[in-house]
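Colleague: Sharing a structure, written as structure tokens. Questions coming.
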Amino acid sequence: MAGFTEGALVKKLMELNPSQQSIQTLSLWLIHHRKHHATIVKVWFKELCKAKDNRKLMFMYLANDVIQNSKKKGPEFGKEFETVLPKAFEHMKRFDDKTKEKLGRLLHIWEERGVYDKLQITAIKSAFNSMRDYNRKPGTPPPRKKSKIDNEKKKERKKSETEVEVDGTKELHVTLSPRTPGGDPPETEELIKALMDLENTASSDAAVRERIASLPPEVSEVSLLANLADRSAADQLSVAVNEAATLLADYNGRLQAEMEDRRRLLAMLRDYTIAQRQLLQQAQSTLEDYKEKLKKICAVRAEVKSHISNLPDLTQLPDVTGGLAPLPSAGDLFSLHH
């Protein structure tokens, strides 16, 4: 993934568009660079305040995507965004009812999902409530608490929820517009380590497989028990059976763990591939833009060269004989004056 700089972040925020792919791609990039969470949130809020009104809601959707989908990586973004979200909601107090409704829905989802605790939600809501009061016309009653329309909206919201598994537990992820991705891409180092861990797997343990293959047939064939001649032979077979059972149980456990590791690696490869494909598309788009810019610059350069070749050389002036004489120096002009 591309290296992080504050300038690169500003550029990406300026290029952000409301499409699902654009927000997902930038969200994945931010989560990948989560060690810069303080700078990321600071720049996010600064650019939110500078953005045009029709782009501000898009910034909120980006924050939501990062906050919810970075939880399994760590709490850094949730804590950092908490410091600026009240200001962000207060900043957007002049917006229309449709935008306020979407912001209210976002707050409700955070509260419902436990993204923030009650005290944190209350702090954010205080800015939101003042925003609603600011826009309410004098004499109009406060918004109703519940209605049939509210219930319909709740049903509609549930349709936009996706259940995903995070660290072994299932949780609901909000699917606002645009949708949020189901998984975070692993860092390259994590992927390399997971691949290296599979170099010494149970299925490739030839020594254990050879031990299992060399087990005597008596330990797995009930019909051979009739060949036991005395108690001593039976005791010896019992020991061999117990050892074989322990060996196979341990090996089966290792094989089961290998299967889980391979499933996890498959999921990591899928998420990594999706992220790389998205970044590839973004890089291709950026490359096309800069190719076009280069084309325009080259055209200007060609025109400049053409104009320069047609301009007169003012460093020389014609003399009385028709030839070219150099321009007089400052000393010559001074002596002529006197």
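The values are calculated or read from the model by the stated rules, or taken from the named source; none is laboratory data. As the structure is a computational prediction, the values presented were derived from the model and not from experiment. Glycine gets a Cβ as well: all are built from the backbone with ideal geometry, and neighbour counts include every protein chain shown. Note: areas computed on protein heavy atoms with side chains; ligands, DNA, RNA excluded. Shrake-Rupley method; radii C 1.70, N 1.55, O 1.52, S 1.80 Å.
Colleague: So which pairs qualify, if the first residue must be in region 61-73 and under 13 Å from L107 (Cα atoms) and at pLDDT 90 or above, the second must be polar (S, T, N, Q) and open to solvent by less than 10 Å² (accessible area, probe 1.4 Å), the Cβ gap must be under 7 Å, and the two must be at least 6 apart or on different chains?
Modeller: none
Colleague: Within region 47-67, restricting attention to residues that are basic (K, R) and part of a helix (DSSP H, G or I), which residue is farthest from Q21 (Cα to Cα)? Can you show your working first?
Modeller: Going through region 47-67, the residues basic (K, R) turn out to be 50, 52, 55-56.
Filter once more, so that each one left must be part of a helix (DSSP H, G or I): 50, 55-56.
Values: K50: 23, R55: 16, K56: 17 Å.
Filtering region 47-67 for residues that are basic (K, R) and part of a helix (DSSP H, G or I), the one farthest from Q21 (Cα to Cα) comes out as K50.
Colleague: Which residue is surrounded by the fewest Cβ atoms within 10 Å (Cβ to Cβ), if the candidates are limited to region 202-235 and must be modelled with pLDDT under 85 and of a type in the set (V, I, T)?
Modeller: Applying the filter and picking the extreme gives V222.
Colleague: Enumerate the helices (runs of 4 or more DSSP H) found wholly within region 70-120, keeping only those where 1 or more residues are within 23 Å of the chain's Cα centre (by Cα) and surrounded by fewer than 18 Cβ atoms within 10 Å (Cβ to Cβ). If you could, list the steps in order and put the result at the bottom.
Modeller: Details: elements: 76-82, 85-91, 97-113.
Per the criteria, 76-82, 97-113.
Colleague: To continue, here is another question. Would you be able to say whether some residue in region 263-281 is farther than 30 Å from S19 by Cα and not small (G, A, S)? Give the derivation first.
Modeller: So in region 263-281, the residues farther than 30 Å from S19 by Cα come out as 263.
From the residues that got through so far, the ones that are not small (G, A, S) too are 263.
Within region 263-281, one or more residues are farther than 30 Å from S19 by Cα and not small (G, A, S).
Colleague: If you don't mind, another one. Return the pair list, or none, for Cβ contacts closer than 9 Å from residues in region 201-212 that are of a type in the set (F, W, Y) to residues that are assigned to a helix (DSSP H, G or I) and exposed (fewer than 13 other Cβ atoms within 10 Å of the Cβ), at least 6 apart or on different chains.
Modeller: none
Colleague: If you take the residues of region 277-331 that are at pLDDT below 75 and of a type in the set (S, T, Y), which of them is farthest from the chain's Cα centre (by Cα)?
Modeller: Here the answer is T321.
Colleague: Suppose the filter is open to solvent by less than 40 Å² (accessible area, probe 1.4 Å) and touching a residue at least 12 places away in the same chain (Cβ under 8 Å); does L255 pass it? Step through it out loud before you land on a result.
Modeller: Values: open to solvent by less than 40 Å² (accessible area, probe 1.4 Å): no; touching a residue at least 12 places away in the same chain (Cβ under 8 Å): yes.
Judged against the criteria, L255 is not a match.
Colleague: Also: Name the residue, out of V10, V43, that is in contact (Cβ under 8 Å) with a residue 12 or more places away in the chain, surrounded by fewer than 19 Cβ atoms within 10 Å (Cβ to Cβ), over 25 Å from Y272 (Cα atoms) and of a type outside the set (D, E, K, R). Lay out the reasoning, then the answer.
Modeller: Values: V10 fails: over 25 Å from Y272 (Cα atoms).
The match here is V43.
Colleague: Then there's this: Quick test of your reading of the structure: L172 fulfils all but one of (1) open to solvent by less than 60 Å² (accessible area, probe 1.4 Å); (2) at pLDDT below 50; (3) in contact with a Lys or Arg (Cβ under 7 Å, 6 or more places away or on another chain); (4) among the hydrophobic types (A, V, I, L, M, F, W, C). Name the failing condition by number.
Modeller: (1)
Colleague: Within region 196-245, track down each residue that is among the aliphatic types (A, V, I, L, M), assigned to a loop (DSSP other than H, G, I, E, B) and closer than 23 Å to E258 by Cβ.
Modeller: Within region 196-245, the first condition is being among the aliphatic types (A, V, I, L, M), and the residues that meet it are 196, 198, 202, 206-208, 212-213, 215, 219, 222, 224-226, 228-229, 233-234, 237, 239-241, 244-245.
Then drop every residue that is not assigned to a loop (DSSP other than H, G, I, E, B), which leaves 215, 228-229.
Once the filter is applied, which keeps residues that are among the aliphatic types (A, V, I, L, M), assigned to a loop (DSSP other than H, G, I, E, B) and closer than 23 Å to E258 by Cβ, region 196-245 yields only L215.
Colleague: Just a yes or no: is a residue in region 46-55 crowded, with 17+ Cβ neighbours inside 10 Å and over 18 Å from the mean Cα position of the chain (by Cα)?
Modeller: Just the residues of region 46-55 that are crowded, with 17+ Cβ neighbours inside 10 Å, to begin with: 47-48.
Next cut, over 18 Å from the mean Cα position of the chain (by Cα) only: 47-48.
The answer is yes; a qualifying residue exists.
Colleague: All but one of (1) touching a residue at least 60 places away in the same chain (Cβ under 8 Å); (2) open to solvent by 20 Å² or more (accessible area, probe 1.4 Å) hold for I31, so report the exception by its number.
Modeller: Only one criterion in (1) touching a residue at least 60 places away in the same chain (Cβ under 8 Å); (2) open to solvent by 20 Å² or more (accessible area, probe 1.4 Å) is unmet by I31, namely (2).
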